[in-house]
Amino acid sequence: KQEVTQIPAALSVPEGENLVLNCSFTDSAIYNLQWFRQDPGKGLTSLLLIQSSQREQTSGRLNASLDKSSGRSTLYIAASQPGDSATYLCAVKLPNRLAFGKGNQVVVIP
Amino acid sequence: NAGVTQTPKFQVLKTGQSMTLQCAQDMNHEYMSWYRQDPGMGLRLIHYSVGAGITDQGEVPNGYNVSRSTTEDFPLRLLSAAPSQTSVYFCASSYRLAGELNEQYFGPGTRLTVT
């Protein structure tokens, strides 16, 4: 059974610092991995999708890497801003569904 | 495109009542699904559909029914609401590439409280 873990569950960083969020999964036979952002009381917004054949994806200040052999993905957010405060979820694609981690709750302190 | 829409945004039910949560997408996605999100449990799949007329169970299907008569709509029915079904419900959709799911898009969610 695929288990997806995100540690730490919560973290605070000062504005301007780079954010590093980790996601680990137990079965390396994945098709793709998707990072989402969730604001309190809101839905999930897709940030980046990494196919299993890719090593990384970039969008603006966001960069996500994927290392299937070690079962890890990392989301980097450069020069964090208070608006980056949210919960970040990673999800691994299984047949016909996603397996989600429980998220990293991030607070960026002005 | 409106993307994935869900109604209602909030709902309070009494134990034993039934209701339908609505989900629609305008992206012509084959795949649609329902998740529930509970504190400490993360998101769990309830039911999914890979096309009109085709549905299947996810991890936590008990107490819920679905049907898919059109590509656009995927309603979730609570047959007899129980307090354990108090949760936030999300609908998601995706296109399929070579038979595999691609990027998934989520609706804004329905917050359901069962008293």
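The values are calculated or read from the model by the stated rules, or taken from the named source; none is laboratory data. Being a predicted model, the structure only gives us computed values, none of them experimental. Cβ atoms come from the backbone with ideal geometry, glycine included; neighbour counts cover every protein chain shown.
A few points about this structure:
- Residue match in segment B:88-111 (condition: more than 14 Å from every other protein chain (Cβ to nearest Cβ) and of a type in the set (S, T, N, Q)): no
- Any hit, segment A:20-29, residues being more than 14 Å from every other protein chain (Cβ to nearest Cβ), at pLDDT 95 or above and surrounded by 20 or more Cβ atoms within 10 Å (Cβ to Cβ): yes
- Among all positions in segment B:25-35, there is at least one residue which is at negative phi, modelled with pLDDT of 95 or more and touching an Asp or Glu at 6+ places or on another chain (Cβ under 7 Å).
- When segment B:62-77 is limited to residues that are surrounded by 15 or more Cβ atoms within 10 Å (Cβ to Cβ) and over 11 Å from the mean Cα position of the chain (by Cα), the one that is farthest from B:GLN37 (Cα to Cα) turns out to be B:THR71.
- Search result, residues across segment A:49-72 that are surrounded by 16 or more Cβ atoms within 10 Å (Cβ to Cβ), under 14 Å from the mean Cα position of the chain (by Cα) and in a loop (DSSP other than H, G, I, E, B): A:GLY71
- Among residues of segment B:83-103, those that are at pLDDT 95 or above and among the aliphatic types (A, V, I, L, M), counted: 2
- A:SER80 vs. criteria touching a Leu at 6+ places or on another chain (Cβ under 7 Å) and surrounded by 13 or more Cβ atoms within 10 Å (Cβ to Cβ): yes
- Looking at segment B:17-103, the strands (runs of 3 or more DSSP E) lying wholly inside it that each contain 1 or more residues that are small (Gly, Ala, Ser) and touching a residue at least 24 places away in the same chain (Cβ under 8 Å) sit at B:19-25, B:31-38, B:42-51, B:87-97.
- Note on segment A:23-56: residues that are in contact with a Leu (Cβ under 9 Å, 6 or more places away or on another chain), of a type outside the set (Val, Ile, Thr) and within 23 Å of B:TYR35 (Cβ to Cβ) total 17.
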